[in-house]
1. For L42 paired with E65, estimate the spin-label separation in nm (one decimal), with each label point 7 Å from Cα along the Cα-to-Cβ line.
2. If you average the C-alpha positions of region 194-217 and of region 51-90 separately, how far apart do those two centres end up, in angstrom?
3. Ranking V231, V260, V91 by Cβ neighbours within 10 Å, fewest first, what do you get?
4. Work out which GluC sites (Glu not before Pro) in the chain are exposed loop sites (DSSP not H, G, I, E or B, at most 11 other Cβ within 10 Å) and give the longest gap free of them.
5. Given the chain, report the % of alpha carbon pairs whose separation exceeds 32 Å.
6. With each label point set 7 Å from Cα along the Cα-Cβ vector, what nm distance links E185 and W239?
7. Given 0.36 nm per residue, what is the gain on full extension from D207 to L58 after removing their alpha carbon distance, in nm?
8. Could you calculate the FRET efficiency of E157 with A137 from 1/(1 + (r/R0)^6), where r is the beta carbon distance between them and R0 is 41 Å, rounded to 0.05?
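Any read-out appearing in this document is the output of simple, stated calculations on the displayed coordinates, not a laboratory observation. Quantities reported herein were computed from a predicted structural model and do not represent experimental measurements. Cβ coordinates were reconstructed from backbone atoms using ideal geometry, including for glycine residues, and neighbour counts include every protein chain displayed.
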Amino acid sequence: MSSQSPADLRIIAPYGGTVTNTLEVERPGGDGLELEDSGAMLGLYVQWIRAGSFQGNLFGYFSPEVNYSTLLGLHSNFDRYFDIGPLRNLVLGGGLELISIDTDAADAIDGLDAFSMRNTIIAPFARTGKQFGFGPAWLDATVFPWAGGEVALQRGEIELTPTASSNGSSGGPPGPIEIEQEIDETDWYGLAGVNLRATIARVVQLDGKFHVAFDEDDRYRRGSLMMNVFVTHNFGLSWRFSHMETSAATTRYHIFGFVVLF
């Protein structure tokens, strides 16, 4: 990492790796089915930092085939840093989480002749907190506890056709019954989390984030880890892990790439 502290720092990092997706599918009769699968994933992370003023980042990712689905995700976040009298290193920010799942399992699910789903979650959020910095000369560490709120807009549709034996008809072969269900939910959640960051000897950068989205009935955990190892002032190797729970699915990924500073 550069030994200088420029006013503006821009980061770009392409990634590739694997993603695991878990879906809960409701079938006729009230029983549920859990589908879990892993597939290839590509991602791109960009960030713009102005020290002591703001940071903004955007991470997009894509998996062409996982759990009979195409998975598309986007995470964006912007934080503004400011002081109020003796209170320093305050943070006010927000962002947007987007997950789109387009599933076509055909007849691969037991008890169903056909299953397809299109489900999109758009979740804008806002947060505030305070950063605490510490460490000797060789270590630059920050702890950022924060709280906020999120509204999750879930839209889409499910189409399924039970097999003839599960249609519940008697006295002759039943015809196929196609069931359609619209997905239209809006949920409000509180958010509570903490971000940890440490740069060791200007060479190794570690980043850990964890937060919980919650309401009266549900709790969804989201966490991520990141490590950058710089081999020159402006180029390094990168690894990321993420675990994200929503009302629609659970998504985990391990991805590797490189990071460029400019």
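1. 1.5
2. Here the answer is 12 Å between Cα centres.
3. Working: V231 10, V260 14, V91 19.
Least to most surrounded, the residues fall as V231, V260, V91.
4. Numbers: sites that count: E178, E216.
Counting at most 11 other Cβ atoms within 10 Å as exposed, the longest clean stretch of the chain is 1-177.
5. Numbers: 11363 of 34191 pairs.
Roughly 33 percent, rounded to a whole number.
6. 3.4
7. Working: separation 149, 0.36 × 149 = 53.64 nm, distance 1.57 nm.
Gain in length upon complete extension: 52.1 nm.
8. Numbers: r = 57 Å, r/R0 = 1.40.
Calculated transfer efficiency: 0.10.
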